[in-house]
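Quick notes on the structure that follows.
All of the numbers you see were taken from the coordinates with simple rules; none came from a lab. Remember, predicted model here, so these are calculated numbers, not experimental data. Every residue, glycine among them, receives a Cβ derived from its backbone with ideal geometry; neighbour counts consider all protein chains shown.
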Amino acid sequence: MSALTQLKKLQKAAAVVTEKVKPVVAGAVEKVLPIEAGATADTATPAKTAAGLKFQEFWYGPKHEDRKLGDLYIPGTGLYKHREWRGFRDTMYYYNMIWLYNYGSIVSTIMHNKGALIPFLKGTWRYRWMGQAYLPVLHWFDRCLEGMRGETLKASAWHFNGITRAVVTQLCEFFTTDKNLNHGKETEKWSKTIAHKETVAGATFYPFRDELYHIPLEMIPYFVTCHCNNHVVLHYIDAVQGIGLPGDPCPMCQAEAGLFVLNDMPDYSPVLITTNEACDGSVATAILQDWFLNRPLFAFPQPMRWDDPLVQENCQREVENCWKFVEEQFGVKFNWDKYVEYAEKANKMTLFEREKWDVAANTPNYPINGVGQALYRIFYSQWGWRQLWADTDARVKKIMDKCVDRNINTLPKTRHRVIAWSCAPLYYSAWCTWAYNCWGLNTVINMDSLMFDKLLRTDTYENALEDMAWYNEMAPMRMMAVGGHEHIFMLWHYMEQFNCDMVAMYDQLQCKGMQGVVGMFEDEFRARGIHAFWIPHALPDKRTVSRKEIRQRINDYMFTVMQEEPLDPTLLDFDDDNSW
Amino acid sequence: MKRSRKNRKKCRFLKKVVGIAGLAYAGLFAVYYYDLDGKLLYYVVEPFLDKHYSAMERPDATKTPYGAKESVSVEAENFGATVDTTGSFGQVARNAAAGVKVGATEFGKYGEPKPKLVKVTM
């Protein structure tokens, strides 16, 4: 019998004993101490003595209204004087299963990628976005999981763990392939890796899985950095403006091009596949990228009116042309069986996503907070199926099932169910965590989560091709943001479906497409009597509208229009301008 | 006797290991609770790395010649547009260079890589 089998047997035996002993111990403890099984800080019966009350605060943590989370910050920095005391169980869970576990998980993911350790260290030394943005990743967890308790803390944290492992995996793939770190040599892996813009759906490359790698160009050097450390991207925005680009185009496109201007991009592929998603700003980025990279390029367009039946034939042909380009460049044949294998795996994830939405829409038992939902969904659907996503989903499903079975109210201070619409400020994706803690605004769902909601048929090649074309069109921002005004008005449908009573309307000030429909939304909100607050921002650039100003906008709306009082007044106004 | 001495040694060793692990666990909890990892990264590591990246010598990417893609620029010059020469579009560029104006394409059956070119009167 192998050691692993023995260990598993021991674990099973231990679990059986624990299950039997737990209620006995809990019963005994409850007799001695003022705690109740299944209670929280808000639901526990207050102890009669001062010592008992102190013990309850240690065990359950302070009540929501007494947390004073804003007092924990060191002004200006976003650092904590000390991290939050969430009660004994949740603090120990955070310490063991989030803080320690994720530091360990990062190291183990690097070690599991053969030969990745040295390139990883070299990459950290070579690339600004790596060293500055990703080392403080655990602070990103802190910001997004602030105030979360119980099952919500657990399920949301698993989402962040999934994202972190995916980021580390992509970093390892980058650095082990990168010519810049390999004295300009082209390794075998380099010649087997496809570079594509981050908005090209990873699903496109299912037919070539296991023979070729594919890494999105900007997802790691740009997109995720903004969430972890919002200072880093400013270097790239300034760099591209430094060569003459005016300051008003979309700062996402500016930053993506700026990476190349500053020569801060790994050289990991012999080809480049570009796309016009999200808009023609991305086309301009691709032109600059093509100039700097100078290698075979395939432009993979998505129609601006994404569901126009007249363009479907063309879209299918573009998908095929993309596959042909890969075949020609890499000498690898389109593999139908691989496509079927991975498309079916991806379908399982889509089905689980729908199950999650069902719970989110129709019960108070959904254990994933707004930012966890948004970032996990956009990341996995964009990059395509990976085993690590399936593992994460399995863990989250267990937690969600438990919440539904026991009817656990996962975010009990919810006053309003919010749907967030249009594209979010990358430098403040954690605003919804703040909004829940401060005002009880529970962001149930967001626009980007609803993209790629399509099962891929695998019965015939024709059906598969048709679905792939549709899938590619259902990319973030194209489907509902800049894909035609009638599509962005799908908001009303989703608002009803998810039982929301309020809209958080993002206002990307440098998105010319979305700026054009601001007035239409204002009219519709008024006509339909919908409570909506605007969140102005400039996607990755925090200098245009700061986090503090975003909070002020929401505070103003909640005080003046809703005439409500905050749950935690210490969060109304604090200085985090120089925080990560 | 020998066994019990060995056992005692093992016990002492185990106690030491458990003691050190316990101390490390408690020490790490202090790091976690007082956000010492964040403070180290914020006040020490990040400023150091920021200086390092800013001082790094980098090749000037803007010196990349515009015409590096020889085949594209030469062919494109003939009709004043940037055309990708890879895959099926290579034919478009070649036809364009030969004097055929590209104005619209008719889509062939799926799988046929070459679009049919239509002459446009300008």
Once both labels are modelled 7 Å past Cα along the beta-carbon direction, what's the A:LYS333-A:LEU100 spacing in nm?
5.3 nm
Write down the radius of gyration of chain A and its Dmax, each obtained from C-alpha positions, in Å.
24.3, 78
Taking every DSSP beta bridge that has both residues in the protein assembly as shown, what percent is antiparallel when rounded to the nearest 5?
15 percent
Between A:LEU121 and A:GLU344, what is the spin-label point distance in nm, taking each point 7 Å from the Cα along the Cα→C-beta axis?
4.4 nm
Counting Lys and Arg as +1 and Asp and Glu as -1 over every other residue whose Cβ sits under 15 Å from the Cβ of A:HIS227, the net charge comes to -3
Sorted by chain and number, the residues with a modelled amide H under 5 Å from that of A:TYR213, at a separation of 5 or more or across chains, are A:THR193, A:ILE194
Can you give me the orientation-averaged projected area of the convex hull built on the Cα atoms of the range A:1-91, in nm²?
9.4 nm²
With a point put 7 Å past each Cα toward its Cβ, work out how far B:THR64 is from A:MET304 in nm, to one decimal.
2.7 nm
With the dipole of the protein assembly as shown defined by +1 on each Lys or Arg Cβ and -1 on each Asp or Glu Cβ, the option from A:ASN442, A:LEU388, A:MET520 whose Cα lies farthest towards the positive pole is A:LEU388
Dipole magnitude (debye, nearest 20) for the protein assembly as shown, charges at Cβ of Lys, Arg, Asp, Glu:
4520 debye
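Set the bar at 30 Å for Cα to Cα. Now go through A:LYS189/B:LYS39; A:LYS356/A:LYS413; A:LYS12/A:LYS454 and name every pair that lies beyond it.
In this structure, A:LYS189/B:LYS39; A:LYS12/A:LYS454 lie more than 30 Å apart at Cα.
Per the helix-only calculation at 222 nm, which mean residue ellipticity applies to chain A, given -39500 (n - 2.57) for every DSSP H run of n ≥ 4 and division by its residues, nearest 500 deg cm²/dmol? Provide the component values of the computation, followed by the final result.
Details: 22 runs with 284 residues, N = 580.
-15500 deg cm²/dmol, from helical runs alone.
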Which one, A:PRO216, A:TRP431, A:VAL16, is farthest towards the positive end of the dipole of the protein assembly as shown when Lys and Arg carry +1 and Asp and Glu -1 on their Cβ?
A:VAL16
Fraction of alpha-carbon pairs over 18 Å apart in the range A:58-126 - percent:
60 percent
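If you rank A:ASP556, A:ASP467 by fewest surrounding Cβ atoms within 10 Å, what's the result?
Numbers: A:ASP556 11, A:ASP467 19.
Final ranking by Cβ density, sparse to dense: A:ASP556, A:ASP467.
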A correct Karplus calculation of ³J(HN,Hα) over the range A:532-539, with 6.51 cos²θ - 1.76 cosθ + 1.60, θ = phi - 60°, whole Hz and x for Gly and Pro, returns 9, 10, 8, 10, x, 6, 10, 6
Please average, across the residues of B:26-33, the number of beta carbons from any other chain that are within 10 Å of each residue's own beta carbon, and give a whole number.
4
FRET E, pair A:ASP575, B:PHE29, Förster distance 25 Å, beta-carbon r, rounded to 0.05
0.30
Note, the range B:26-36: 3J(HN,Hα) by Karplus (6.51, -1.76, 1.60, θ = phi - 60°), whole Hz, Gly/Pro = x, goes 5, x, 5, 4, 5, 4, 5, 5, 8, 6, 6
Other-chain or far-sequence residues with amide H under 5 Å of A:ILE535's (modelled H):
A:MET505, A:TYR506, A:ASP507
Charge tally for neighbours of A:ALA532 with beta carbon under 10 Å away, counting Lys, Arg as +1 and Asp, Glu as -1, is 0
Quick one: which residues, 5 or more positions from A:PHE298 or on another chain, have an amide H under 5 Å from its amide H? H modelled 1.01 Å from N in the peptide plane, none for Pro or chain starts.
A:LEU272, A:ILE273, A:THR274
Please sort A:41-50, A:59-68 by packing, taking for each peptide the average over its residues of neighbouring beta carbons within 10 angstrom, highest first.
A:59-68, A:41-50
The range A:5-17 - phi-based ³J(HN,Hα) in whole Hz, Karplus 6.51/-1.76/1.60, Gly and Pro as x
5, 4, 4, 5, 4, 4, 4, 4, 4, 4, 5, 5, 4
What FRET efficiency would be calculated for the residue pair B:TYR43, A:VAL17, taking the C-beta separation as r and a Förster radius of 51 Å, to the nearest 0.05?
0.65
When the charge dipole of the protein assembly as shown is computed with +1 at the Cβ of Lys and Arg and -1 at the Cβ of Asp and Glu, the Cα pointing farthest to the positive end, of A:MET502, A:GLY372, A:ALA481, is that of A:GLY372
